[in-house]
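Structure first, then comments.
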Amino acid sequence: MVMKLVVRVKLLPTPVQAAALEATLHACNEAATWAAHVAFEEKAAKPLALRKHTYQQIKTRWNLGAQAAQHAIKKTCDAYTTLRANLRNGNYGKPGSKRYERAAGKPVTFRADAAQPYDDRMLSWQHKQRTVSIWTTAGRMKNVAFTGEPGQLAVVAAHRKGESDLLCRGEQWYLLVTCDIAEAEGNAHPVGFVGVDLGIVNIATTSTGKRYSGRRLNRRREADRELRTKLQQQNTKSAKRRARKHTGKEKRRARDINHKISKRIVVEAQRTGRGIALEDLTGIRERARLRKPQRVTLHSWSFHQLDAFIAYKAKRAGVPVVYVDPAYTSRECSRCHHIEKANRPSQAVFVCRSCGFAEHADRNASHNISHRGWYAWVRGAESQAFALTLIA
């Protein structure tokens, strides 16, 4: 079995090279936006049909090579495929609603700096020199330096396969590289499961006694929100410049923390010969009914990302992962399994009304998740893990 990883490699272009990359990215996205309008008007969102309407014009009008033009058209078709799936799954509300009609009633558009796919005909790597040769609208550009964490660069050199995406974020240039990596042999006979309770106050609590507090992260998030509100109210050039500087900072901080937590959980499970049990929190944002001040906190909760990081790291390490029903894990006693709402007198405290067992609430929930994970495994549940993720 092979799993796919996407590794982000940072480019270090000179000012002249950066200008050429920027012009190329803008041209490709302008061409894709024009193709999207044609696809909308002609109702031709399939690659072959859209190619007949746009291929020659894209090459001539935006000075794109054959491969770049093909990728711009394919990117447009993929965007419409994603849009149709979102509409079909109700992600834009019910048919006839304002949000649904707003999404379905206009052509897809692409940002000027949206990612552009590159295949091996447009991009070649010189790993020893740490440079790439990349196609641009100004011609083939050689000796573009790149850098990255040594372990990630070794993965790219050994396992790169398929397309890479050119991306610009905050005047920084990156290549998102697809790698195919063989999965480790799975542990078919785990001695138990590490239950992981995900939360907001505590990002993760494990049944082995580890608790990863979210207090510092939540304080930083609140400070970032206050800063954004203040800068938006000022609405001056300096405020806008400062706001741009902080763009994505909260997201990057949360991703870094999630990477560290997921790595520690997987290493512990691998070292002790256990699997990992996680709650299936699909749709929790839609199910939860909260007051308005609490909604911001819930929607800032990056549990899905942490879940995905644990899953793919576990898959690489051969650690089995199972998902369990999260219902009543916070109200169930892990000793006698009595379930009652009054078992939770406060957010952090669990006291069983039946047997008197007292424990930290998240720790108690993690034990329940561990038990459910073991029961699911012995009943024949297969290990579940995501096949694609982004490491940075």
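The values are calculated or read from the model by the stated rules, or taken from the named source; none is laboratory data. Here the structure is a predicted model, which is why all the values come from computation and not from measurement. We place every Cβ from the backbone using ideal geometry, glycine too, and count neighbours over all the protein chains shown. To get the accessible areas, we keep the full protein, side chains included, count just its heavy atoms, and leave off ligands, DNA and RNA. Shrake-Rupley method; radii C 1.70, N 1.55, O 1.52, S 1.80 Å.
In the stretch 151-158, the condition of being touching a strand residue (DSSP E or B) at 6+ places or on another chain (Cβ under 6 Å) and under 24 Å from D113 (Cβ atoms) is met by at least one residue.
Restricting the search to the stretch 136-146, which residues are in contact with a Pro (Cβ under 8 Å, 6 or more places away or on another chain) and either in a loop (DSSP other than H, G, I, E, B) or surrounded by fewer than 14 Cβ atoms within 10 Å (Cβ to Cβ) (or both)?
none
Scanning the stretch 342-354 for residues that are open to solvent by 70 Å² or more (accessible area, probe 1.4 Å) and either in contact (Cβ under 8 Å) with a residue 12 or more places away in the chain or in contact with a helix residue (DSSP H, G or I) (Cβ under 8 Å, 6 or more places away or on another chain) (or both) yields Q347, R353, S354. When Y92, Y100 are checked against the criterion of being touching a Lys or Arg at 6+ places or on another chain (Cβ under 7 Å) and either assigned to a loop (DSSP other than H, G, I, E, B) or of a type in the set (D, E, K, R) (or both), a single residue qualifies: Y92. Against the numbered list (1) β-branched (V, I, T); (2) open to solvent by 20 Å² or more (accessible area, probe 1.4 Å); (3) under 22 Å from the mean Cα position of the chain (by Cα), V191 comes up short only at (3). Exactly one residue out of R216, R221 is open to solvent by 60 Å² or more (accessible area, probe 1.4 Å), at pLDDT below 85 and not in a strand (DSSP E or B): that is R216. Looking only at residues in the stretch 96-107 that are closer than 23 Å to E41 by Cβ and open to solvent by less than 100 Å² (accessible area, probe 1.4 Å), the one that is farthest from the chain's Cα centre (by Cα) is G96.
Residues are listed down the side, and each one gets a yes or a no for (1) outside any helix (DSSP H, G or I); (2) surrounded by 15 or more Cβ atoms within 10 Å (Cβ to Cβ); (3) among the basic types (K, R):
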residue	(1), (2), (3)
K230	no, no, yes
R241	no, no, yes
R255	no, yes, yes
H259	no, yes, no
I265	no, yes, no
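Remark: pairs (first residue in the stretch 147-176, open to solvent by 40 Å² or more (accessible area, probe 1.4 Å); second residue at pLDDT 90 or above and not in a strand (DSSP E or B); Cβ separation under 7 Å; 6+ apart in sequence or on different chains) = T147/R130; A157/H127; E163/D119; D165/A115. Examine the stretch 287-302 for a residue that is in contact with a helix residue (DSSP H, G or I) (Cβ under 7 Å, 6 or more places away or on another chain), within 30 Å of V156 (Cβ to Cβ), outside any loop (DSSP other than H, G, I, E, B) and modelled with pLDDT under 95, and state whether such a residue exists. No: the stretch 287-302 contains no residue that is in contact with a helix residue (DSSP H, G or I) (Cβ under 7 Å, 6 or more places away or on another chain), within 30 Å of V156 (Cβ to Cβ), outside any loop (DSSP other than H, G, I, E, B) and modelled with pLDDT under 95.
Out of contact with any Asp or Glu (no Cβ under 9 Å at 6 or more places or on another chain) and not polar (S, T, N, Q): does that describe R169? No: the conditions fail for R169.
In the stretch 302-333, of all residues being of a type in the set (K, R) and without any contact (Cβ under 8 Å) to a residue 60 or more places away in the chain, the one that is least open to solvent (accessible area, probe 1.4 Å) corresponds to K313.
Of all residues in the stretch 53-73, count the ones that are outside any helix (DSSP H, G or I) and among the basic types (K, R). Break it down into steps so the answer makes sense when it comes.
Of the residues in the stretch 53-73, the ones outside any helix (DSSP H, G or I) are 63-65.
Next, only the ones that are among the basic types (K, R) stay: none.
Going through the stretch 53-73 one residue at a time, the tally reaches 0.
Please go through the stretch 164-203 and give me each residue that is part of a strand (DSSP E or B) and either of a type in the set (D, E, K, R) or at pLDDT below 90 (or both), ordered by number. Of everything in the stretch 164-203, those that are part of a strand (DSSP E or B) and either of a type in the set (D, E, K, R) or at pLDDT below 90 (or both) turn out to be D165, R169, D180, I181, A182, D197, L198, N202, I203.
Identify, please: which residue in the stretch 103-128 is outside any loop (DSSP other than H, G, I, E, B) and in contact with a strand residue (DSSP E or B) (Cβ under 6 Å, 6 or more places away or on another chain) and is, among those, nearest to L167 (Cα to Cα)?
Residues of the stretch 103-128 outside any loop (DSSP other than H, G, I, E, B): 103-104, 116-118, 123-126.
Subset that is in contact with a strand residue (DSSP E or B) (Cβ under 6 Å, 6 or more places away or on another chain): 116-118, 123-125.
Numbers: Q116: 7, P117: 9, Y118: 11, L123: 14, S124: 16, W125: 17 Å.
That would be Q116.
Yes/no per residue for (1) under 20 Å from E30 (Cα atoms); (2) of a type in the set (G, A, S):
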| residue | (1), (2) |
| --- | --- |
| L87 | no, no |
| R99 | no, no |
| A104 | no, yes |
| P107 | yes, no |
| R111 | yes, no |
| A114 | yes, yes |
| Q129 | no, no |
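Say we look at the stretch 355-392 and pick out the residues that are among the acidic types (D, E) and surrounded by fewer than 20 Cβ atoms within 10 Å (Cβ to Cβ); which of these is modelled with the lowest pLDDT? Show your work before the answer.
First, the residues of the stretch 355-392 that are among the acidic types (D, E): 359, 362, 382.
Those still in the list that are surrounded by fewer than 20 Cβ atoms within 10 Å (Cβ to Cβ) too: 359, 382.
On the way: E359: 92, E382: 53.
Among them, the one singled out is E382.
Here the stretch 85-95 is the region considered, the condition is being closer than 24 Å to V38 by Cα and loosely packed, with under 12 Cβ neighbours inside 10 Å, and the residue that is nearest to the chain's Cα centre (by Cα) is A85.
Within the stretch 16-63, the residues that satisfy the criterion of being surrounded by 21 or more Cβ atoms within 10 Å (Cβ to Cβ), touching a Ser or Thr at 6+ places or on another chain (Cβ under 7 Å) and closer than 27 Å to K142 by Cα are L21, T24, A27, A32.
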